[in-house]
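Engineer: If you scroll down you'll find the structure; I have some questions about it.
The values are calculated or read from the model by the stated rules, or taken from the named source; none is laboratory data. Because the structure is predicted, anything quoted here is derived from the model rather than measured. Don't worry about glycine lacking a Cβ; one is built from the backbone with ideal geometry, like all the others, and counts go over all protein chains shown. When the accessible area is computed, the model is the full protein with side chains, heavy atoms only, and any ligands, DNA or RNA have been set aside. Shrake-Rupley method; radii C 1.70, N 1.55, O 1.52, S 1.80 Å.
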Amino acid sequence: MDNTETATLAGGCFWCIEAAMKELDGVLEATSGYTGGDVADPTYRQVCTGETGHAEAVEVEYDPEKLSYEDILQVFFTVHDPTTLNRQGPDVGTQYRSAVYYHDDEQRDLVESFVEELEAEGAFDDPIVTEIEPLGEFYVAEENHQDYYEKNPGDAYCTFNAEPKIRKVREKFADKARQSPADD
């Protein structure tokens, strides 16, 4: 498929954002990785120190005929807390910051407008601290971090952190969620 678009998002642990995005019909691939830092080809251990400047992020490749960039943003801003600085749930540090890394001027304009609208309507009790930055180099995380939720559904971290995000997508975005085989 040649007509795809990509969004790059950071909102805490990449396992959780990846799992939530994969629930959307139209998402072709969600890849965990690192971006926004200043060390070439960092490892998970390096990023976890908070010293590389990278955020755990997810690159979401999607079909724009099924999902819009705004759809992706709507889900992203629903499944994580964009008002906590360098923190999501139990994860603390700059590597867990909330950020949208735009790929072009159109994405930048769309995400800036989207955040302005959320602020204007008082969508959150606290101010949104999500960084909006141009995408630099995106480094794909190690293989054991790809599809982590799917490979480890019984993992306690996933049970407490990823599953609520998945449920949110299924409940709040049922019209955009993939249908399970039982629903066909």
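Engineer: Every residue in the stretch 79-105 that is in a helix (DSSP H, G or I) and either crowded, with 16+ Cβ neighbours inside 10 Å or among the basic types (Lys, Arg) (or both), please. If you could, list the steps in order and put the result at the bottom.
Structural biologist: Residues of the stretch 79-105 that are in a helix (DSSP H, G or I), as a first pass: 79, 94-96, 105.
If the condition is that a residue be in a helix (DSSP H, G or I) and either crowded, with 16+ Cβ neighbours inside 10 Å or among the basic types (Lys, Arg) (or both), then VAL79, THR94, GLN95, TYR96 are the ones that fit.
Engineer: Please state which of the following conditions ALA57 fails to meet, knowing it meets all the rest: (1) open to solvent by 10 Å² or more (accessible area, probe 1.4 Å); (2) of a type outside the set (Asp, Glu); (3) closer than 18 Å to PHE138 by Cα.
Structural biologist: Condition (1) is where ALA57 drops out.
Engineer: Could you list all residues from the stretch 39-54 that are open to solvent by 30 Å² or more (accessible area, probe 1.4 Å) and not in a loop (DSSP other than H, G, I, E, B)?
Structural biologist: Answer for the stretch 39-54, where residues must be open to solvent by 30 Å² or more (accessible area, probe 1.4 Å) and not in a loop (DSSP other than H, G, I, E, B): TYR44, ARG45, GLN46, CYS48.
Engineer: Taking the stretch 5-38 as the region of interest, how many residues are within 22 Å of ARG87 (Cβ to Cβ) and either open to solvent by 40 Å² or more (accessible area, probe 1.4 Å) or not in a strand (DSSP E or B) (or both)?
Structural biologist: Here the count works out to 13.
Conditions (1) over 16 Å from ILE72 (Cα atoms); (2) part of a helix (DSSP H, G or I); (3) without any contact (Cβ under 8 Å) to a residue 12 or more places away in the chain; (4) open to solvent by 40 Å² or more (accessible area, probe 1.4 Å), marked per residue:
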| position | (1), (2), (3), (4) |
| --- | --- |
| GLU137 | yes, no, no, yes |
| GLU150 | yes, yes, no, yes |
| PRO153 | yes, no, yes, yes |
| CYS158 | yes, yes, no, no |
| ASN161 | yes, yes, no, no |
| ILE166 | no, yes, no, no |
| ARG170 | no, yes, no, yes |
| ASP175 | no, no, yes, yes |
| GLN179 | yes, no, no, yes |
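Engineer: List pairs: first residue in the stretch 76-92 and within 20 Å of ALA30 (Cα to Cα) and basic (Lys, Arg), second residue surrounded by 15 or more Cβ atoms within 10 Å (Cβ to Cβ) and modelled with pLDDT under 95 anywhere in the structure, Cβ distance under 7 angstrom, at least six positions apart or on different chains.
Structural biologist: Pairs found: none.
Engineer: I've got another one for you. Please name all residue pairs, on different chains or six or more residues apart, with Cβ atoms under 8 Å, provided the first residue is in the stretch 37-48 and is aliphatic (A, V, I, L, M) and the second residue is part of a loop (DSSP other than H, G, I, E, B) and modelled with pLDDT of 95 or more.
Structural biologist: VAL39/THR52; VAL39/GLY53; VAL39/HIS54; ALA40/GLU137; VAL47/GLY37; VAL47/HIS54
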